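**Student:** Okay, handing you the structure first.
The values are calculated or read from the model by the stated rules, or taken from the named source; none is laboratory data. These numbers were taken from a predicted model, which means no experiment stands behind them. A quick note on method: Cβ atoms are made from the backbone with ideal geometry, for glycine too, and the neighbour counts reach across all protein chains shown.
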């Protein structure tokens with residue numbers, strides 16, 4: 001009976017949201033009640049499925065009810081924070097995976113933080129006038145965006161892969177992080193990279209690139225304005 005109820009909840013959560021791009025079926029899901037939010041912060045190995053809608057809804061899932069109950073969902077200063085109760089996150093001491101997931105429908109979003117092995121999957125297109133996107137400590141972010149001003153900060157082995165478009169793109173990457181944006185068209189692009197990070201972008205009008213300490217910038221397109229600075233083993237090259 002519980003499985004039927006949970007499945008019903010998750011289908012209702014996303015199918016009744018008029019602008020939602022996808023319906024999720026998850027027999028282990030449980031709906032959470034939260035206050036209004038405009039930003040999201042997720043961590044501790046949780047997989048986040050993010051969908052635009054005309055309502056703000058949250059549900060969480062895990063392989064076992066005791067794992068699901070330890071997923072914290074709370075809103076502080078307009079930021080929805082999703083994380084596991086302990087730092088062990090998605091894997092416990094016996095290396096058993098917990099399959100921690102969160103399903104979020106949002107009305108508007110201007111901030112997205114992925115930390116500590118979290119994985120963010122953008123379903124459909126994330127549209128916003130402005131978005132601050134941060135990824136740290138092995139976090140993954142994948143999806144399509146339509147943003148006027150997109151600011152990206154990432155480090156410590158995080159990976160971001162985006163398609164779509166951003167009129168203005170500012171990226172700061174370091175410590176082995178990787179940004180793949182060749183399928184995302186940009187008009188004005190500003191890139192700062194260091195410490196072994198790799199950033200790939202598609203620039204139409206202007207690119208400013210600073211690469212140092214083994215950082216790598218790759219770009220495609222034919223920007224009319226190029227401001228390139230390289231030092232301490234940094235490289236900037238056109239694809």
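**Student:** Would you kindly identify the strands (runs of 3 or more DSSP E) lying entirely within the stretch 24-94 that contain at least 3 residues that are within 17 Å of the chain's Cα centre (by Cα) and not assigned by TED's automatic domain parsing to the domain that holds residue 135? Explain how you work it out, then say what you get.
**Tutor:** Working: elements: 30-32, 39-42, 47-52, 57-61, 71-76, 79-84.
The qualifying strands (runs of 3 or more DSSP E) are 39-42, 47-52, 79-84.
**Student:** Which residue, of 157, 233, 215, 181, is buried (at least 23 other Cβ atoms within 10 Å of the Cβ) and farther than 27 Å from residue 53 by Cβ? Let's see the steps before the verdict.
**Tutor:** Working: 157 fails: buried (at least 23 other Cβ atoms within 10 Å of the Cβ); 233 fails: buried (at least 23 other Cβ atoms within 10 Å of the Cβ); 181 fails: farther than 27 Å from residue 53 by Cβ.
Going through 157, 233, 215, 181 in turn, the sole match is 215.
**Student:** Within the bounds of the stretch 161-170, is there any residue that is assigned to a strand (DSSP E or B), within 25 Å of residue 86 (Cα to Cα) and touching a strand residue (DSSP E or B) at 6+ places or on another chain (Cβ under 9 Å)?
**Tutor:** Of all residues in the stretch 161-170, those assigned to a strand (DSSP E or B) come to 161-170.
Then drop every residue that is not within 25 Å of residue 86 (Cα to Cα), which leaves none.
No, the stretch 161-170 contains no residue that is assigned to a strand (DSSP E or B), within 25 Å of residue 86 (Cα to Cα) and touching a strand residue (DSSP E or B) at 6+ places or on another chain (Cβ under 9 Å).
**Student:** I would also like to ask the following. Which number in (1) surrounded by fewer than 17 Cβ atoms within 10 Å (Cβ to Cβ); (2) within 22 Å of residue 64 (Cβ to Cβ) marks the one condition that residue 79 misses?
**Tutor:** Answer for residue 79: the failing condition is (2).
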